[in-house]
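**Q** I am attaching a structure below and will ask some questions about it afterwards.
What follows is calculated from the coordinates using simple rules that are stated; it is not laboratory data. Just so you know, these numbers come straight off a predicted model, no measurement behind them. Cβ coordinates were reconstructed from backbone atoms using ideal geometry, including for glycine residues, and neighbour counts include every protein chain displayed.
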Amino acid sequence: MIWVNDIVQGVLLGGLYALFACGLSLMFGVMKVINLAHGDLAVVAAYLAAGLVTVLHMPTALSILVSIPLFAIIGYVLWRTVLQASLNRSVLTTLLVTFGMSIVIENALQQFFSANSRSLSIGALATDHFNVGSQITVGYLDLAILIAAVVVLLGLQLFLSRTRQGRLIRAVADDREAAQLAGADYRHIFGIAAAIAFGTVAVAGTAYGVYTTFDPTTGTTQLLLLFAFEAVVIGGLGSLWGTLVGGILLGVVQDIGAQISTADLLLAGQLFFLLVLVIRPQGITGSRRTA
Amino acid sequence: MTGGPLLEVRDLTVHHGQLRALYEVSLSVGVGETYAMIGANGAGKSTLLRAIAGLDRPTSGSITLDGVDVTKLRPERRVASGIVLVPEGRRLFSSLTVAENLKVGASYARKGPWTISRVYELFDWMRDRRGQRADQLSGGEQQAVAIGRALVANPRLLLLDELSLGLAPAVVRRIYGILPELLATGVTVLLVEQDVSQALAVAARVHCLLEGRTTLEGEPAGLTPASIEAAYFGLAGPAGLPQERP
């Protein structure tokens, strides 16, 4: 029974990873850009949520109604100014630029908010839980984060497959030049994809801030970015459902590893990641074409 | 309409890096005309079409559509002004379905006679297979979808780049068989074709390029096989232009 609980906890933890990874997955899938500042942007979102709660006295959960559009705008502007220009040079340049952004963000946060760690409060919900049987405990917060991950990924999937804008995003991802020949300005379409990815970062950062404490360096020191990458790669590059599957599998493997020995949580996750790379480099759900 | 030609290309020079792909090429295409570019591999035909569509930037020269200079316009803006290219190699959105490919083509369409259902009428097999992914179609079917994707944008000037590339002769004949129907809706066609007899059969005017330079231009009826051969291969023939070498 203890194993069942581990799996349940792993699935819940995987929800956080998946929520974290979906912006990364979208930007990689559409623009082939790996955003190394992803984790730091999530920390900015957590600080933004803290600010909104303190200044506007908003409930934490509602603060995302402000932070999502704000982040979407930042995402679009950042894409049209810095990121598109660096992608025009080369994909490698985008790595350097986003790595630089990561350092700038971290230091700016240190400057303005000090190195003290903080957290976002959502009252009793943070610790409330319900039991299934005698061994399995499900925290409401963990469940809410998993549900948020599923909702965000489902929403994104529906947006991409059903709407005109989503269709254009997929077309541009397939063949940028052919999309231009159909009248689509790929820079604008990429900007929209970046806006959506940044919107999901706002949700992920807020969820993380509620889940645990954060400080200006959390984005890089807490291995969040690494786990998010692993979720994307395990699931299959560019596949949103794959990202959910990848995040959950990573969470489950880590929790089972931690059950064997607490120190093995990270080791189990990394080994699983390497195993996937060796056996199925295109990812669990990936086809060879998208890999 | 200004009464002049629909497309006017003047002294167009295009470089690919250090390499000069086109050397001061000029041509004009009248409204409703079918105009064919012929020439050997690497003569610059595709570069010319890409430059007219806006994908390749010219070093010098100008491109005007119905009297309006479009030389500086980005490719997506040229679609709005009525220039649509069916690119070499078809370039469908491979992970999208047939219907989605057509919908993307119609996303920024001008007003006009072409709709997705009209394209389904033009290619009668397409409606039944509209849910199929583009990369599962045969070459000829992909070419048809690529043409359909361009038509639903309602072009005034349709640029067709090597429609016959990699297709069986029977399929090529079927594809070219739709040209009269396109022309009937008022579309002007500028096409690139390696198969000279095919080009001569469909075009009102042909224009031969050799290593980026014009070697021949005129109506098919007024050209002799020998003059075309000379222009195509660069032999000093009766109609061949002086063979200057830089």
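**Q** At A:GLN111 and B:ALA40, where each label point lies 7 Å from the Cα along Cα→Cβ, what is the point-to-point distance in nanometres?
**A** 6.3
**Q** Here is a follow-up. Once R0 is set to 22 Å, what does the formula 1/(1 + (r/R0)^6) return for the Cβ-Cβ distance between B:THR59 and A:ASN88, expressed as a FRET efficiency to the nearest 0.05?
**A** Calculated transfer efficiency: 0.65.
**Q** Suppose each label sits 7 Å from its Cα in the direction of the beta carbon; what would the A:TRP241-A:LEU143 distance come out to in nanometres?
**A** Each label point lies 7 Å from its Cα, and together they span 2.6 nm.
**Q** Using a Förster distance of 35 Å, how high is the FRET efficiency between B:THR13 and B:TRP125, based on the Cβ-Cβ distance and rounded to 0.05?
**A** So, using R0 = 35 Å, E works out to roughly 0.25.
**Q** Starting from the Cα of A:THR221, step 7 Å along the direction of its Cβ; do the same at A:LEU277; then give the gap between the two resulting points in nm.
**A** Label-label distance for A:THR221 and A:LEU277, simple model: 2.6 nm.
**Q** Follow-up. Under a straight-distance cross-link criterion of Cα-Cα below 17 Å, which lysines are reachable from B:LYS103, leaving out those fewer than 8 residues away in the same chain?
**A** B:LYS111
**Q** Any aspartates and glutamates with Cα under 16 Å of the B:LYS72 Cα? List them, leaving off those in the same chain fewer than 8 positions away.
**A** A:ASP185, B:GLU8, B:ASP11, B:ASP56
**Q** When the Cα centres of the range A:132-204 and the range B:173-221 are compared, how far apart do they sit, in Å?
**A** 45
**Q** Then there's this: With unit charges on the beta carbons (Lys and Arg positive, Asp and Glu negative) and the dipole taken about the Cα centre of chain A, which residue among A:VAL138, A:ASN116, A:VAL203 sits farthest to the positive side?
**A** The residue sitting farthest along the positive end of the dipole is A:VAL203.
**Q** Between A:VAL77 and A:ASN131, what is 0.36 nm times their sequence separation minus the Cα-Cα distance? Round to one decimal in nm.
**A** 14.9 nm
**Q** If you add up the charges near A:GLY251, with Lys and Arg at +1 and Asp and Glu at -1, over every other residue whose beta carbon is less than 11 angstrom from its beta carbon, what do you get?
**A** -4
**Q** Sorting check: for B:154-165, A:16-27, B:110-121, A:122-133, which peptide has the highest mean count of neighbouring beta carbons within 10 Å, and how do the rest follow?
**A** Descending mean neighbour count gives A:16-27, B:154-165, B:110-121, A:122-133.
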